[in-house]
Amino acid sequence: MISSNEYGSNSWELLVTVDHQHTEVQKEFLLQVTGDLHIGGLMLKLVEQIKIPQDWSDYAFWWEQKKRWLLKTHWTLDKCGVQADAKLIFTTQHKMLRLRLPNMKTVRLKVSFSAMVFRAVSDICRILNIRRSEELSLLKQSEDVLKKKKRRDKNGKEPVTEDVLNLCNSPVSSGLSGSPGLYSKTMTPTYDPTSGTPASSTITWFSDSPLTEQNCNFLALSHSNSSPETLAEMYQPRTLGDKARLNAGWLDSSRSLMEQGILEDDQLLLRFKYYTFFDLNPKYDAVRINQIYEQARWAILLEEIDCTEEEMLIFAALQARTWPDKLQLSSEVQDFTCESEVDEVEAALSNLEVTLEGGKLSSALEDITDIPKLADNLRLVRQRRLTLRTIKPYWFVFKDTSISYFKNKESALGEPIEKLNLKGCEVVPDVNVASKKFGIKLLIPVADGMNEVYLRCENENQYAPWMAACVLASKGKTMADSSYQSEVEKILSFLKMKNWTMSSQAACDPENIDMKPECFISLRYNKKHKSKQLAARILEAHQNISHLSLVQAKLHFIQAWQSLPEFGLSYYIVRFKGSKKEDVLGVSYNRLIRIDIATGDPITTWRFSNMKQWNVNWEIRQVAIEFDQNVSIAFTCLSADCKIIHEYIGGYIFLSTRSKQNETLDEDLFHKLTGGQE
């Protein structure tokens with residue numbers, strides 16, 4: 001025994017458990033310490049007692065009761081608040097984690113359990129060669145998904161053995177900031193812009209990386225596994241409440257995995273959390289493009305986002321195009337496609353940054369001093385009582401961010417019948433190309449809710465510029481904005497894909513083609529039509545896109561996904577201050593939408609551009625937001641922690657500050673905008 005005089009009267013015993021793999025060596029050690037001993041000194045004292053010759057540099061103290069790491073080695077035990085009743089575990093900071101990627105494949109790799117999730121995701125994306133890691137985060141599977149898995153196991157079905165890519169030898173940096181060289185276009189592995197396969201000349205630069213050419217193909221190429229049986233076993237949201245529960249499991253980006261109850265070898269989902277895909281480039285982003293495409297594909301197949309039957313067939317045709325060696329017969333038949341059509345598609349894709357990123361200066365566009373306007377005959381559809389509707393033609397004039405309509409062209413010099421300000425409105429396409437229906441649904445905010453206005457156009461050439469003008473006006477932009485023309489081209493491109501015709505040259509028997517239409521269609525539409533009917537209709541839709549390469553087809557799929565009215569909306573069940581009933585809050589990259597939980601109709605929209613400030617009352621878990629014109633809202637979140645919505649708002653504002661000139665992420669700014677003060 002050591003006398004108390006040797007240590008002083010203020011010393012005490014501290015029990016430390018060591019997490020090591022040596023079975024013959026004890027795991028619990030009782031150390032005699034004082035309050036002024038710093039964490040680094042405690043480590044040294046412990047390692048001297050363990051007497052195992054190994055590298056302890058990745059080890060740190062985990063305080064079990066407080067659920068936090070003791071990483072500041074210069075802090076004393078007194079400053080950390082550690083006393084004799086504390087239970088400390090000396091364990092590794094980097095542990096194995098299973099991640100299910102957007103393509104439903106699982107990778108197993110070593111991740112920092114002590115770093116903030118934002119930094120951990122950055123390290124993960126560096127290993128997987130996914131640029132712009134700030135767009136992704138980690139998600140816990142919802143309880144409903146886990147319950148469905150348990151029911152399937154109880155029913156006696158054999159669990160599907162999933163193919164796991166083991167990247168356990170991945171060299172993860174221990175808490176150091178990401179090397180900007182890995183984001184540099186001179187040091188990033190490149191890919192074939194046509195097929196998405198990695199270029200062997202650059203993959204060898206990272207010979208110490210686990211991303212071999214075979215592993216890159218695992219991540220960058222599409223391997224469909226969406227059979228009807230697979231879809232039936234997966235959780236499919238039926239209501240807005242179900243969709244809200246899918247978003248309840250996002251991890252806090254400002255805390256570590258261990259602090260949030262994640263254990264070694266647990267499974268999490270790696271997903272694109274923020275729907276603002278910045279600087280997509282097929283040469284460097286084959287993995288990123290494929291994973292965005294896969295997340296969009298599964299969202300459509302599982303009906304997490306709604307689309308029409310016509311749009312579902314377009315998505316099916318584009319999926320079939322991304323399958324290697326599928327529908328080759330159709331591709332060969334389509335060799336007669338004229339060169340000008342191919343050039344047109346390539347030109348549209350060369351400007352894809354505009355459509356995916358929201359804006360880009362084009363050399364072809366010069367400064368516009370006069371704001372252009374649209375003027376044409378459109379039909380106005382008004383909803384009357386007992387579901388009756390009146391449809392009347394008027395002369396419409398679109399200028400700035402407003403639409404005015406007159407009785408006829410001659411009366412346009414006078415006062416309009418009505419002037420509609422579209423800033424902050426919701427714009428919903430109402431299109432069926434086969435039926436020659438080209439409609440625009442406008443939901444305009446008014447004092448007591450939303451005013452619905454329907455416009456009908458004659459054809460796609462009239463619809464595209466008016467629809468593009470409405471979309472920009474809803475964001476507070478005019479037709480003078482540089483992105484207007486690209487928005488028109490994007491809409492026309494999407495309509496062109498929908499406008500398929502079965503030519504005699506392209507016609508072929510679905511039975512002669514190796515294609516299972518059930519793999520490309522959601523269960524609802526699978527039940528509605530027979531397999532042969534679906535195959536024939538997918539082949540019809542395929543004629544317009546059969547000339548596309550694999551990567552082009554994925555980019556067109558992403559573009560079409562972005563055109564859907566519900567794109568980018570993450571739902572949460574909330575209760576607004578002063579209201580007794582529950583509502584759904586939709587969070588998008590540029591706005592918040594209050595939605596009626598029973599009908600799904602939008603009630604009010606608030607734009608981030610009009611937001612002055614937001615804060616959280618952590619005691620009552622209430623989010624309060626102030627907007628221009630003395631508009632303020634407050635709500636509590638019922639389906640998730642209010643921190644998730646707080647982080648969403650701050651995250652989207654953070655992403656809006658990105659630029660190509662400065663590719664270094666300001667991590668401190670992200671945490672200031674999203675962290676909150678609890």
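For the reader, a short list of remarks on this structure follows.
- Looking across segment 32-77, the residues that are in contact with a Ser or Thr (Cβ under 9 Å, 6 or more places away or on another chain) and charged (D, E, K, R) come down to Asp36, Asp58, Glu64, Arg68.
- Among residues of segment 432-461, those that are under 24 Å from Leu492 (Cα atoms), open to solvent by less than 20 Å² (accessible area, probe 1.4 Å) and touching a strand residue (DSSP E or B) at 6+ places or on another chain (Cβ under 7 Å), counted: 8
Residues are listed down the side, and each one gets a yes or a no for (1) among the β-branched types (Val, Ile, Thr); (2) within 38 Å of the chain's Cα centre (by Cα); (3) loosely packed, with under 11 Cβ neighbours inside 10 Å; (4) modelled with pLDDT under 90:
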{"residue": "Met1", "(1), (2), (3), (4)": "no, no, yes, yes"}
{"residue": "Leu42", "(1), (2), (3), (4)": "no, no, no, no"}
{"residue": "Leu46", "(1), (2), (3), (4)": "no, no, no, no"}
{"residue": "Trp69", "(1), (2), (3), (4)": "no, yes, no, no"}
{"residue": "Gly81", "(1), (2), (3), (4)": "no, no, no, no"}
{"residue": "Phe90", "(1), (2), (3), (4)": "no, yes, no, no"}
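- Residues that are of a type in the set (A, V, I, L, M, F, W, C) and either over 24 Å from the mean Cα position of the chain (by Cα) or modelled with pLDDT under 90 (or both), drawn from segment 121-157: Val145, Leu146
- Some residue of segment 202-220 being at pLDDT 80 or above, in the same structural domain as Lys527 (by the TED database) and open to solvent by less than 50 Å² (accessible area, probe 1.4 Å): yes
- Some residue of segment 533-555 being assigned to a helix (DSSP H, G or I), free of Cβ contacts under 8 Å to residues at least 12 places away in the same chain, more than 25 Å from the chain's Cα centre (by Cα) and at negative phi: yes
- Hits in segment 606-639 (condition: under 24 Å from the mean Cα position of the chain (by Cα), under 21 Å from Glu426 (Cβ atoms) and aliphatic (A, V, I, L, M)): Met611, Ile625
The values are calculated or read from the model by the stated rules, or taken from the named source; none is laboratory data. Because the structure is a prediction, the values reported are computed rather than measured. No Cβ is skipped: glycine too gets one built from the backbone with ideal geometry, and neighbour counts run over all protein chains shown. SASA here: full protein model, heavy atoms, side chains in, ligands and nucleic acids out. Shrake-Rupley method; radii C 1.70, N 1.55, O 1.52, S 1.80 Å.
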